[in-house]
Amino acid sequence: MSQSKSSKPRSITPRAALSAEDMRALTSRLRRAEGQVRAVARLIEEGEPCDVVAQQLTAARRALDRTFFAMVGCAVQHGQIAPEDVSAMLGKYA
């Protein structure tokens with residue numbers, strides 16, 4: 001028995017189908033996360049306490065997580081992945 005296309009998650013190619021506005025929003029989120037990661041490196045270099053570093057790492061990780069989920073939402077909205085395939089994608093990447 002052959003599988004239908006919707007049973008297999010499709011690959012996501014953001015540049016191919018996302019609008020310019022979506023790309024700007026995702027890129028902006030990534031730049032903010034990049035700034036947070038740079039700040040974490042600076043805290044480590046300055047010898048800040050581990051709990052301060054951990055707090056900032058958590059913020060950076062959450063920023064990346066929010067970016068990931070926004071990208072998944074865009075992929076569904078633009079038809080790159082079927083809504084029923086989101087759980088498989090999250091299982092693979094999240």
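Where a number appears in this text, it was derived from the coordinates with a stated rule and is not lab data. Since the model is a prediction, treat every value here as computed from it, not as a measurement. Cβ sites come from the backbone with ideal geometry, for glycine too, and all protein chains shown count toward neighbours.
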Exercise for review: May I have the extent of the alpha carbons of the stretch 20-93 along their three principal axes, as whole Å values ordered from largest to smallest?
Suggested key: 47, 28, 12
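Rounded to the nearest 0.05, what FRET efficiency is calculated for Glu48 and Glu21 with R0 set to 41 Å and r the Cβ-Cβ distance?
Numbers: r = 37 Å, r/R0 = 0.91.
The value I calculate is 0.65.
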Revision key, fill the gap. For Arg31, placing the label point 7 angstrom along Cα-to-beta-carbon and taking the stretch 47-66, residues whose amide nitrogen sits under 18 Å are 63-64
Check your understanding: How much length, in nm to one decimal, is gained on full extension between Ala41 and His78, taken as 0.36 nm per residue of separation minus their Cα-Cα distance?
Key -> 9.7 nm
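Return an integer: the convex hull volume of the alpha-carbon atoms of the stretch 25-68, in Å³ per residue. Each step should come with its number before you reach the end.
Working: hull volume 1.9 nm³, N = 44.
About 42 Å³ per residue, rounded to a whole number.
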